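Inspection log for the structure reproduced underneath, given as C-alpha cells.
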Amino acid sequence: MIQPREVLTRRKLVVCVGSGGVGKTTTAATMGLWAARQGRKVLVMTIDPARRLANSLGLKEFGNTETQIVVPDLPQGGQLWAMMLDTQTTFDELIQRMAPDKRTADRILTNRIYRTMSDTFAGSQEYMAAEKLYDVMTSGRYDLVVLDTPPVKNALDFFEAPGRLSRFFDRRVIKWFLQPYEEKRSFNPLAAGTSAVVFKLLSFIFGKEFLGDISEFLVLFKDMYDGFRERHEEVLRIFRSPDTSFVTIAAPTEPSMEVAGFFAEELRRRGYPRAGMIVNQVHLCAEEPLEPEILLGQAARTTGADLHERTAASLVARLGAAHGRLRQLAHSERVLIQALHKINPAGAFFVELPWLEQQVYDLGALRVVADSLFADA
Ligand SMILES: Nc1ncnc2c1ncn2[C@@H]1O[C@H](COP(=O)(O)OP(=O)(O)OP(=O)(O)O)[C@@H](O)[C@H]1O
Ligand SMILES: [Mg+2]
C-alpha cells in the first residue's frame, strides 16, 4: 500500500480535492511544507479566495506570483513556494503568451468582448487553475506542485473546465460566426448568408458597435484556437500521468462523504491516479464511557471547596454529559469513516487526522497536522 510520504517524495503533482471546509488548503500546505523538509523544491498552488493558505504560511497575502516562504532549517535543496491565483492576471498573461505578436495581444486585451468574456472565465477559477498548472508543470521549476482546489459547488467543474474554452473556440462555431466577414473579406456584418441574417438581428438588439467588437475578437482569437486545444490536452495528460496523485480530503460528515464518493467515481472514470484519502477533523474520544464522578469528583470537591457543594457536583455532571455527547459523535463518525473506507481504492492510503483544538493558521500548527499525516514512519 502506498503511503503519503511516498506520494510526496516521488510524485511531481499532488491534487487535493474534496468538499468545502474539510481542510484541503490546510492539508495542501501541510504536505508542501513536509515535502520541502525532505529536500524537495515545492510549489503550493491555491485558488482559495479566503486566503487561508497565506495565513497558514505566515504571509499576509500573496498574489499571482510565486512567492518563497521562509521556513527555518530546510535541508539542502528544500524550498517552499506558494502562489495564489489571481484569475484575471492569469488570463491576460495567457493571451500575451499565446498571441502571435504584441499588437494582436494588445488588441485582444483592450477588446470589450474579451474583457467581458474574461471576467466570466476568470470567474471560473478551476479553468484558470488548469492554465496556470500547465505553466508551472511544464516550466520544470519545481520538483513537486501541490494543487489546492477551490470549494467545489459543482465538483465536475474542476475537470471539465480546461476543455471549456477550447470548446467555446471550436472552429466550426467561429467559422459560422465569421462567415459574413470572410465571404466579403470585410468587417461588414450585414453581408449575405445564413449567419448574416442572425447578425442583422443581433446588431438590431445589441448595436453595430458591439458586433464589430465580437467580430474583431473572433478574428483575432481564431488563430489561437489550436494553442488552447493543445494546452487543454496537455493538462489532461498531466492529470492522468503516473507522476500525478489525486488525494481526496473528507470530513466525517454526510455531505462531505457524498462529495468524496462523487470524486471517487469521477476520478476512476477519467483514469486519474488516486493515491488515497485523508479524513480530517475526526473527533477522538475514549472508547469506553468514563465515569465523571469517579474520575473528577474528588478533585472538584477539593479545588471547589469555596463553592457551593451543588456547583461542583453540577460541573462534574455537565462534563459527564459533554463526554457522552462526544462519544456519540465519535461513534457516528466511525460509521461514516467505515463507509469512506469502502470507496477508497485498493492499495491507496487512508489516513485519519484528529480535530485540533486550535485553528490551523501557522507553521507550528501545520507541523502538528504533519505529525499525524506522516505518522507511519
Ligand atoms: N484537523 C483540524 N482541526 C481543527 N481545525 C481544522 C482542522 N483542519 C482544518 N481546520 C480548520 O478548518 C477550517 C477549514 O480548513 P481549510 O481552509 O483547510 O479547508 P478547505 O477545504 O480548504 O476549505 P474551502 O473549501 O473553504 O477552501 C480552517 O479554519 C482550518 O483552520
Ligand atoms: Mg481551501
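Throughout, read-outs are computed from the coordinates displayed, never taken from laboratory work. These figures come from a predicted structure and were not determined experimentally. Ideal geometry is used to build each Cβ from the backbone, glycine not excepted, and the neighbour counts take in all protein chains shown.
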*For region 234-377, just say rounded, prolate or oblate: build the C-alpha gyration tensor, square-root its eigenvalues into a ≥ b ≥ c, call rounded for a/c under 1.5, and beyond that prolate if a/b exceeds b/c, oblate if not.*
prolate
*According to the square roots a ≥ b ≥ c of the eigenvalues of the Cα gyration tensor, what is the shape class of region 307-377, taking rounded for a/c under 1.5, prolate for a/b larger than b/c otherwise, and oblate for the remainder?*
oblate
*Can you bin region 201-252 into rounded, prolate or oblate? Criterion: square roots of the alpha carbon gyration tensor eigenvalues sorted a ≥ b ≥ c, rounded for a/c under 1.5, prolate for a/b above b/c, oblate for the rest.*
oblate
*asked:* So if I place +1 on the C-beta of Lys and Arg and -1 on the C-beta of Asp and Glu, and nothing else carries charge, what would the dipole magnitude of region 227-311 be about its Cα centre? I want it in debye, nearest 20.
replied: 680
*Around G297, what is the net charge, scoring Lys/Arg as +1 and Asp/Glu as -1 over all other residues with Cβ under 14 Å from its Cβ?*
0
*Which of L326, P273, Q298 sits farthest toward the positive end of the charge dipole of region 218-342, with +1 on the Cβ of Lys and Arg and -1 on the Cβ of Asp and Glu?*
P273
*Which whole-number percent gives the relative contact order of region 196-321, counting Cα pairs below 8 Å spaced six or more residues apart?*
18
*Only Lys, Arg, Asp and Glu count, each charged at its Cβ (+1, +1, -1, -1), so figure out the dipole size of region 265-309 about its Cα centre, rounded to 20 debye.*
700
*Starting from the Cα-Cα distance between D306 and F210, subtract it from 0.36 nm times their residue separation and give me the gain in nm to one decimal.*
26.5 nm
*asked:* If I model a spin label as a point 7 Å beyond the Cα along the Cα-Cβ vector, how far apart are those points for M1 and V70 in nm?
replied: 4.1
